Amino acid sequence: MRVLVTGASGFVGRALVEELRHGERAYEVHPLGRQDGDLADEAVAERAVAETEPDTVIHAAARIGIVRCEEEPELALRSNVLATIQVAKACAAHGARLAYVSTADVYGPAPVADEETPPTPQSLYTLTKWWGEQLAQLYAPDRLLTLRLANPYGPGVDPGQGKGALPTMLRQAERGERIPVFRGEARSWCWIGDVARAVRLVLEAGAEGVFNVGTDADQVAIEDVARIACTLTGASEELIDEVDPPPGRVAPRIAVERLRALGWRPEVGLEQGLRLMLESWQAAPAA
């Protein structure tokens, strides 16, 4: 199987490239990153798909995060909407299957969401991802796969960039900085390696439609995650500050029976994942 991965220089894209190249089966993987051009420009996606002739295109490129999209709404629309149109059109033109990487946050305030739960986006970010799903269906419906990821975490996210609460809190604890946590928020985080493995299994199964990708484990209060970060780094829990969350933040708990039916189970727990993330930073060469 030949696979083209957009957003290959991003957090999820890098993990998918690694899994598909070096997992249980090795595939011919073509990474497409920021250095290869702006996917919102018509020629970029068309050229990439025409040249690589992939069986599947995993469209992971996106602008993520509520705050980041509110700060630059035009960029959010260009990255998450216009780029998806171009990728989907290129897939349809060359007979490639599209696997669109979305977010479980499109479900909005639903307490528990399976794949049949109607999306109710609560922010510009989740609205653009929901539009991306609809555009993928419009322009590349043949064998379309929609992957709604829920709270992936792991190495590869720059702390403090509005894209990852866990690495940000872990870095703050490591440096002895104040650790703001959103009052009343709880989530079920999923190790990025488990997420990438799940995507591979779905692709190999030839499945279509919508898949929730993440863990259905009990949600953990974000304040408790901060305490784990303090324990792992030896920081004082007095660094933790509760703050009000920004508007539009939701944390639906997902049902993953469809994914589990393929034999997938998460392998890395939250505390182990945070420890692995910390160890990866400590092992990295100094900049």
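The values are calculated or read from the model by the stated rules, or taken from the named source; none is laboratory data. Remember, it's a predicted structure, so these values are computed and weren't measured experimentally. Because the Cβ atoms are built from the backbone with ideal geometry, glycine has one as well, and the counts that use them run over all protein chains shown. Accessible surface areas use protein heavy atoms only, side chains included; no ligands, DNA or RNA. Shrake-Rupley method; radii C 1.70, N 1.55, O 1.52, S 1.80 Å.
What is the percent carbon and sulfur in the accessible area of the chain, measuring with a 1.4 Å probe over the protein chains and ignoring ligands?
48 percent
Show the residues, 5+ positions off or on another chain, whose built amide H is closer than 5 Å to the amide H of residue 28.
3
What does the extension gain come out to for residue 120 and residue 24, with contour length at 0.36 nm per residue minus their alpha carbon separation?
Extra length from residue 120 to residue 24 when fully extended: 30.9 nm.
Using a 1.4 Å probe on the protein heavy atoms only, what accessible surface does residue 22 show? Give it in Å² to the nearest 10.
The value for residue 22 is about 130 Å².
Using just the helices of the chain, give the 222 nm mean residue ellipticity in deg cm²/dmol: DSSP H runs with n ≥ 4 each add -39,500 (n - 2.57), and the total is spread over all residues, rounded to 500.
It comes out at -12000 deg cm²/dmol, rounded to the nearest 500.
What is the spin-label model distance, in nm, from residue 43 to residue 178 if the labels are put 7 Å beyond Cα along the C-beta direction?
4.9 nm
Express the accessible area of the chain per residue in Å², computed with a 1.4 Å probe while the remaining protein chains stay in the model. Intermediate results must be reported in sequence, preceding the final value.
On the way: 12870 Å² over 287 residues.
That works out to 45 Å² per residue.
Can you give me the distance in nm between label points at residue 279 and residue 267, each placed 7 Å from the Cα along the Cα-to-Cβ direction?
Computed distance between label sites residue 279 and residue 267 equals 1.4 nm.
Run through the DSSP bridge list for the chain and note the antiparallel percent, rounded to the nearest 5. Each step should come with its number before you reach the end.
Values: 2 of 33 bridges.
Percentage antiparallel, nearest 5: 5.
Amide H to amide H under 5 Å from residue 97: which residues, 5+ apart in sequence or cross-chain, H placed 1.01 Å off N in plane?
Here the answer is 56, 57, since their amide H atoms fall under 5 Å of that of residue 97.
Given points 7 Å out from each Cα along the Cα-Cβ axis, report the residue 53 to residue 249 separation in nanometres with one decimal.
Using points 7 Å along Cα→Cβ, the separation is 4.9 nm.
Nearest 10 degrees is fine. How inclined is helix 42-52 to the longest principal axis of the chain, computing both from alpha carbons?
80 degrees
If you filter region 1-96 for GluC sites (Glu not before Pro), then keep DSSP loop positions with at most 15 other Cβ within 10 Å, what is left? Can you show the working numbers first?
On the way: sites: 18, 19, 24, 28, 42, 46, 51, 70, 71, 74; in loops: 24.
Qualifying residues, ordered by number: 24.
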